[in-house]
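**Student:** Structure in structure tokens, see below.
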Amino acid sequence: MADTTSKPTACLALADGTLFFGQGFGATGQKVAELCFNTAMTGYQEIMTDPSYAGQVVTFTFPHIGNTGVNTEDDETADPVAEGLVVKWDPTEPSNWRALENLSDWLARRGRVGIGGVDTRRLTRAIRQQGAPHVALAHNPDGKFDIEALVASARAFQGLEGLDLAKEVTCAQSYRWDEMRWAWPEGFTRQENPIHKVVAIDYGAKRNILRCLASVGCDVTVLPATATAEDVLALKPDGLFLSNGPGDPAATGAYAVPMIKGVLDQANIPVFGICLGHQMLALALGARTVKMNHGHHGANHPVKDMETNKVEITSMNHGFTVDSQTLPQGVKETHVSLFDGSNCGIRMTDRPVFSVQYHPEASPGPVDSMYLFERFAGAMADAKQPA
């Protein structure tokens, strides 16, 4: 638990001038970003390395963050992408058989700032009431802070609207992926007998998404976010996958939408999108996206399947949403959030083209929605059958 009698070594400054002091850990220095909160009770390593968190500092509502340490298997990308994190209690020494390092050292080596000892309940209420604020997070072991400069930095942050971050987190060149989901006792294994050839567009893809594709029989080739329809079709895929990612979907859509439209126009293959990929597909089909007040970030979000009336508990991470009122004819809303009624899924009514706003691959989170990967594989199998 945080030592409230010691001198603060970290400061979180909101653009409205609100200040939170605490104990710094991880790297020293300053980060400027949008602040969100995540309600997951586990999986902080996966959250910090999720590329969808680019440009954000994460407040964890669960107080015990860091007590299971970190390891080499749970990263969703090579390095943390979130700029920093805010927690209630200072991270303790890890107590977990899989831990190879403590959270603070891991963050320090990767240039990410943490602050502990913060009233995260108060901070979460502020985010919900005001919307995701712009913040400056500073860690200085000497405890000296230029408050005016921190607040000014937070106010100068331009925010995520209009910002294309997919180009910053995408792969530099194409590559093959064959690693499957972790399973006891083997751990990660390789897909040796793939059935379906899939092109996955990397807008900031989590590794567990690629593992889920491999686990349902996909031979996955990953292409950068800026890939064209010609790049995709040259590989003669059985299906196209559109990944998660950060930033404003309208900005990324400037180059992603023409690619998706080109594939839909020239090839009758199944298409599956997740999160930013869902938003890219919606834009390509003629819908619009909007910025949410504070977004959805957590591993306990209830979603209703409008076609079966079943409820799934899902993992979510998004600050923008598809405006369901703008869905064109021939596109059906398939899933909605039971928290606020926002759109969580769409499909074309005459083709095997569908997407969801949430994360069926979890990591962290429940696996209620894992069937969507099987649905994608089934659609590719059906498409191969003689007419």
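**Student:** Expected output is a single nm value to one decimal: the length gained when fully extending between residue 142 and residue 309, i.e. 0.36 nm times separation in residues minus the C-alpha distance. What is it?
**Tutor:** Residue separation times 0.36 nm, minus the Cα-Cα distance, leaves 54.5 nm.
**Student:** With the crude spin-label approximation of a point 7 Å out along Cα→Cβ, what separation in nm comes out for residue 351 versus residue 384?
**Tutor:** Roughly 2.1 nm, to one decimal.
**Student:** What is the spin-label model distance, in nm, from residue 95 to residue 188 if the labels are put 7 Å beyond Cα along the C-beta direction?
**Tutor:** Taking the simple label geometry, residue 95 and residue 188 are separated by 2.9 nm.
**Student:** So how do 130-136, 242-248 stack up, highest first, on mean other-Cβ count within 10 Å?
**Tutor:** Result, highest mean first: 242-248, 130-136.
**Student:** Where Rh is the Kirkwood radius over the Cα pairs of the range 10-156, the temperature 10 °C and the viscosity 1.306 mPa s, what D in µm²/s does Stokes-Einstein return?
**Tutor:** The calculation lands on 106 µm²/s.
**Student:** Counting other beta carbons within 10 Å of each Cβ, put 89, 182 in order, fewest first.
**Tutor:** Ranked by crowding around the Cβ, least crowded first: 182, 89.
**Student:** To continue, here is another question. Between the alpha-carbon centers of the range 103-178 and the range 331-358, tell me the distance in whole angstrom.
**Tutor:** Between the Cα centre of the range 103-178 and that of the range 331-358, the gap is 30 Å.
**Student:** If the limit is 19 Å between Cα atoms, which of 31/144; 206/291; 7/144; 261/291; 236/384; 167/332 go over it?
**Tutor:** Violating the 19 Å limit, Cα to Cα: 206/291; 261/291; 167/332.
**Student:** Divide by every residue of the chain the summed helix terms, -39500 (n - 2.57) for each DSSP H run of at least 4, and state the resulting mean residue ellipticity at 222 nm, rounded to the nearest 500 deg cm²/dmol.
**Tutor:** Using -39500 (n - 2.57) per qualifying helix, the result is -7000 deg cm²/dmol.
**Student:** Could you let me know the centre-to-centre spacing of the range 291-328 and the range 37-87, using Cα atoms, in angstrom?
**Tutor:** 21
**Student:** Just to be sure I understand the curve: with the Debye formula and one point per C-alpha of the range 165-283, what is log10 I(q)/I(0) at q = 0.15, 0.16, 0.24 Å⁻¹?
**Tutor:** -0.61, -0.69, -1.41
**Student:** Right, here's the next one. Rounded to a whole number of µm²/s, how large is the Stokes-Einstein D of the chain at 4 °C and 1.567 mPa s, given Rh as the Kirkwood radius over C-alpha pairs?
**Tutor:** Estimated via Stokes-Einstein, D reaches 61 µm²/s.
**Student:** On C-alpha positions alone, give me the angle between the axis of helix 120-130 and the longest principal axis of the chain, in degrees, nearest 10.
**Tutor:** Between helix and principal axis, roughly 60 degrees.
**Student:** Give me Rg over Rh for the range 166-384, both radii from the alpha carbons and Rh done the Kirkwood way, two decimal places.
**Tutor:** Values: Rg = 15.9 Å, Rh = 17.1 Å.
Expressed as Rg/Rh, it is 0.93.
**Student:** For the pair residue 73 and residue 254, how long in nm is the line joining their label points, each one 7 Å along Cα→Cβ?
**Tutor:** So the label points at residue 73 and residue 254 sit 4.2 nm apart.
**Student:** Can you give the relative contact order of the range 63-220 as a percent, counting alpha carbon pairs under 8 Å and 6+ residues apart? Walk me through the numbers on the way to the answer.
**Tutor:** Values: 198 pairs, mean separation 28.5, N = 158.
Reported relative contact order: 18 percent.
**Student:** Once you've got the GNM for the chain with C-alpha springs shorter than 10 Å, pick whichever of 155, 122, 347 has the biggest mean-square fluctuation.
**Tutor:** Ranking 155, 122, 347 by mean-square fluctuation puts 122 first.
**Student:** Divide, for the range 1-95, the radius of gyration over alpha carbons by 2.2 N^0.38 Å, where N is the residue count.
**Tutor:** 1.07
**Student:** GluC sites (Glu not before Pro), restricted to the range 175-248: which are DSSP loop and have at most 14 other Cβ atoms within 10 Å?
**Tutor:** Sparse-neighbourhood loop GluC sites (Glu not before Pro): 186, 192.
**Student:** What percent do you get for the relative contact order of the chain when only Cα pairs under 8 Å and 6+ apart count?
**Tutor:** Details: 1001 pairs, mean separation 58.6, N = 387.
Taking the mean separation of contacting Cα pairs over the length of the chain, I get 15 percent.
**Student:** Report the chymotrypsin sites (Phe, Trp or Tyr not before Pro) located in the range 286-387 that are in a DSSP loop and have at most 14 other Cβ atoms inside 10 Å of their Cβ, or state none.
**Tutor:** On the way: sites: 320, 339, 354, 358, 371, 373, 376; in loops: 339, 358.
Here the chymotrypsin sites (Phe, Trp or Tyr not before Pro) that fit, given the DSSP loop and packing criteria, are 339.
**Student:** Could you grab the relative contact order for the range 166-384? Cα pairs under 8 Å, six or more apart, rounded to a whole percent.
**Tutor:** 18
**Student:** Sequence-distant or interchain residues sharing an amide H contact under 5 Å with residue 292, placed H: which?
**Tutor:** 320, 321
**Student:** What are the GluC sites (Glu not before Pro) within the range 299-387 that DSSP puts in a loop, where the Cβ has at most 16 other Cβ atoms within 10 Å?
**Tutor:** Those that pass, being in a loop and sparsely packed, are 307.
**Student:** Looking at the chain only, what percent of DSSP beta bridges run antiparallel? Nearest 5 please.
**Tutor:** So the antiparallel bridges in the chain amount to around 60 percent.
**Student:** Which order do the peptides 377-384, 277-284 take when ranked by the mean count of other beta-carbon atoms within 10 Å per residue, highest first?
**Tutor:** Working: 377-384: 16.0, 277-284: 27.4.
Averaged packing, sorted descending, gives the order 277-284, 377-384.
Bear in mind that the values in this text are calculations on the coordinates, not laboratory data. Just so it is clear, the structure is predicted and the values come from calculations on it, not from any experiment. Here Cβ is always computed from backbone atoms with ideal geometry, including for glycine, and neighbour counts include all displayed protein chains.
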